[in-house]
Amino acid sequence: MPYLAPSILSADLTCLADQIRIVEEQGADFIHIDVMDGHFVPNLTFGPVIVEAVKRITKLPLDVHLMVKNPMQFLDWFAAAGAHYITVHQEACLHLDRAMNHIKNLGCKAGVSLNPATPVQSILHLLESVDLVLIMSVNPGFGGQSFIPYTLTKIRELHEYRQSRKTNFLIEVDGGINEETAESALKAGADVLVAGNSIFNSHSIADSCAELKSIIVKNGGKV
Ligand code: DX5
Ligand code: ZN
């Protein structure tokens, strides 16, 4: 089942359509889009206009990761722009339950994300109803950082919870995923690997994407 979600944060925006086509050809399953507001994280990136543009150049589901304060005010915009998954941060959202319901009412899949230091217990009561839990394996805000090993414990906790309760949310891991860390994230129970730097800043986007995809297929993913 595991999936690959290249993050366009590290893509060359002057030829985004070409680069998305390459990752599509190499088996990408989702396109991950990082939305940053300069408040929740110290960086600014994409808004709904970019999501809408990416929607027009790919058939892959768009996995929109909102690293913004007060995400409630933007949910309608990103749904209208064509997001398939919309993920908000536990730390940024005062009314998480309401946000999850609102995302679903907009016809999207609802995701919740945890920073590295935020425990899984903080979203325990949402696990029966969310579609996706995104475990940040770096501190959010920038591509190209190193994987924080203790976040594997959180992936394992979610995986065990899911097995014991027969719930079926996806476990996504985001940050520092490369050929070395991918395997341990999958073994811990991750279903969706986000990768930016290791794909788009590599010697060959096609080769590095294919390599990550082959690790995923080896661990049960579809070709
Ligand atoms: C970081 C973003 C990530 C980022 C991952 O805050 O949420 O999606 O693109 O980038 P890499 O794979 O370079 O760590
Ligand atoms: Zn992300």
*What residue, of 62, 66, 9, is under 24 Å from residue 130 (Cβ atoms) and in contact (Cβ under 8 Å) with a residue 60 or more places away in the chain?*
9
*Inspect all residues belonging to the range 71-86 and state whether any of them is out of contact with any strand residue (DSSP E or B) (no Cβ under 9 Å at 6 or more places or on another chain), more than 15 Å from ligand 1 (Cβ to nearest atom) and outside any helix (DSSP H, G or I).*
no
*Which of the residues belonging to the range 32-47 are within 10 Å of ligand 2 (Cβ to nearest atom) and closer than 10 Å to residue 66 by Cβ?*
33, 34, 35, 36
*Go through the range 203-213 and give me each residue that's buried (at least 17 other Cβ atoms within 10 Å of the Cβ) and free of Cβ contacts under 8 Å to residues at least 60 places away in the same chain.*
208, 211
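Here is a yes/no grid of residues against (1) open to solvent by 60 Å² or more (accessible area, probe 1.4 Å); (2) within 16 Å of ligand 2 (Cβ to nearest atom):
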site: 16; (1), (2): no, no
site: 21; (1), (2): yes, no
site: 59; (1), (2): yes, no
site: 90; (1), (2): no, yes
*Out of curiosity, is residue 153 farther than 22 Å from residue 18 by Cβ and under 17 Å from the mean Cα position of the chain (by Cα)?*
no
_So, in the range 1-11, how many residues would count as being away from ligand 2 (no atom under 15 Å from the Cβ) and either under 21 Å from residue 67 (Cβ atoms) or surrounded by 21 or more Cβ atoms within 10 Å (Cβ to Cβ) (or both)?_
1
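The values are calculated or read from the model by the stated rules, or taken from the named source; none is laboratory data. Please read all numbers here as calculations on a predicted model, not as lab measurements. Quick reminder, even Gly has a Cβ in these numbers, built from the backbone with ideal geometry, and neighbours come from all protein chains shown. SASA here: full protein model, heavy atoms, side chains in, ligands and nucleic acids out. Shrake-Rupley method; radii C 1.70, N 1.55, O 1.52, S 1.80 Å.
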